Amino acid sequence: MFSDFALHERLLKAVAELKFVEPTPVQAAAIPLALEGRDLRVTAQTGSGKTAAFVLPILNRLIGPAKIRVSIKALILLPTRELAQQTLKEVERFSQFTFIKSGLITGGEDFKVQAAMLRKVPDILIGTPGRLLEQLNAGNLDLKEVEVLVLDEADRMLDMGFSEDVQRLVDECPNRQQTMLFSATTGGSGLREMIGKVLNNPEHLQLNQVSQLNATTRQQIITADHNQHKEQILNWLLANETYQKAIVFTNTRAMADRIYGRLVAQEYKAFVLHGEKDQKDRKLAIDRLKQGGVKILVATDVAARGLDVEGLDLVINFDMPRSGDEYVHRIGRTGRAGNEGLAISLICHGDWNLMSSIERYLKQSFERRTIKEVKGTYGGPKNVKASGKAVGVKKKKTDAKGVKKKSGAKAPTKRKIANRPKTDALSLVSKDGMAPLKRRKPEAPAAE
Ligand code: AMP
């Protein structure tokens, strides 16, 4: 029960108004420690209720009689505009019976309007690193009196290249008394380095071992012969599955646009979101989806980061995500706060090994599903290794242009390798030490 926490009665009133009855596991673990003022490092997925886990203790610290505001007391950093907007909403809902004021600073919004808001000095400032730094550089932002700093979705912020910006903003808060860092995954060396730099003797709360992710979401795969066949399966699913709202993920903007075009041609109420869309489009897509005017969102990973839409109960991976962590983020869009969700990945011959790597990473086995109306010929590899990967014919060696090499060809020298034009392929090794997952460079984050 929330009333078991030492929270101010005006916050408990807001919690009751929002009809939150039982704290989620991350709230139960983090709120008491955060109320004590401890630094926290929390590994918890989006949708686990982590926002309330840090927002309620911050409000509890700042609660008091109405007063003239002189300095920003809490700063919450997030990777995307949408996530920042959602967090602001959550803060406003919890602070509705208090005098605490919050403000939002993200890219894509009017700089001067933001500067005017900053002159009024909110108690809590929520924002994305890029625009916050711009406001700081313009002399509009003073963070010297910040008492509590939150880095939310810290792993994402690093993935999106915000490491230096975040560090600069952290350095601008020298008098902070408490820092809380949240990430959906355990992250890599970049995250460890940041934790070492910004947290002081933190308590580590690991709420979601990847293997326990999305207990309320069924995860299925459907094999497909090629992209056209995937489109047929997608059509069948959208026409026959029971869902309130669906999100279709692709790995490229071009594929997202193509699928969107096909859906619109079939008179589906759909929207497309990718890094090329501007802030107005993104807002419109999300608002329409929330209000229910749009039922289907086609999106790339970058565009969908941090999206929290109620009733989103079907996730379709038209393309398999390029890493286990990306898969976790996509699937995290559904099955939120205990609701049931369904995640379906469409798997061609070329997706199989990636899919089985992700199964091993998650320590889960996806349900195999066939739909007889759109059944193809490919049903997975004939033989699989113990790892689940296909037993394949050894790949013929090819050069960068895809031309077959003569068997006696010499391996390139080191210098030649160094001079080679850079490809956009990155190699990832997942945290459990499994075989490297090949992935392409992610879509560049939308400018903040
Ligand atoms: P978050 O992980 O913070 O993005 O939260 C995901 C969703 O769960 C949000 O819509 C929250 O409002 C909702 N939520 C958070 N905590 C609770 C709770 N204890 N009971 C019911 N819903 C919750």
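Take the residues in region 306-315 that are modelled with pLDDT under 80 and touching a Leu at 6+ places or on another chain (Cβ under 7 Å), then tell me which one is farthest from Glu267 (Cα to Cα).
Selected residue: Gly306.
Does Arg131 count as buried (at least 19 other Cβ atoms within 10 Å of the Cβ) and farther than 29 Å from Asn201 by Cα?
yes
Being at pLDDT below 90 and surrounded by 19 or more Cβ atoms within 10 Å (Cβ to Cβ) is the requirement here; does Asn251 meet it?
Spelling it out, it is not the case that Asn251 is at pLDDT below 90 and surrounded by 19 or more Cβ atoms within 10 Å (Cβ to Cβ).
Being crowded, with 23+ Cβ neighbours inside 10 Å, out of contact with any Pro (no Cβ under 8 Å at 6 or more places or on another chain) and not charged (D, E, K, R) narrows it down to one of Leu289, Leu284, so name that one.
Leu289
Just checking, how many residues over region 254-278 are out of contact with any helix residue (DSSP H, G or I) (no Cβ under 9 Å at 6 or more places or on another chain) and at negative phi?
Number satisfying all stated conditions: 7.
Looking only at region 265-287, count how many residues are in contact with a strand residue (DSSP E or B) (Cβ under 6 Å, 6 or more places away or on another chain) and at pLDDT 85 or above.
5
Can you work out which of the residues in region 99-128 that are closer than 17 Å to Gln86 by Cα and among the hydrophobic types (A, V, I, L, M, F, W, C) is most open to solvent (accessible area, probe 1.4 Å)?
Here the answer is Leu104.
Output the qualifying pairs, or none if there are none: Cβ atoms under 7 angstrom, residues six or more apart or on different chains, first residue in region 309-327 and within 16 Å of the ligand (Cβ to nearest atom), second residue at pLDDT 80 or above and among the hydroxyl-bearing types (Ser, Thr, Tyr).
Asp313/Tyr243
The values are calculated or read from the model by the stated rules, or taken from the named source; none is laboratory data. Every value quoted in this text rests on a predicted model; they were computed, and no experiment measured them. A quick note on method: Cβ atoms are made from the backbone with ideal geometry, for glycine too, and the neighbour counts reach across all protein chains shown. Areas reflect the complete protein model, heavy atoms only, side chains present, ligands, DNA and RNA absent. Shrake-Rupley method; radii C 1.70, N 1.55, O 1.52, S 1.80 Å.
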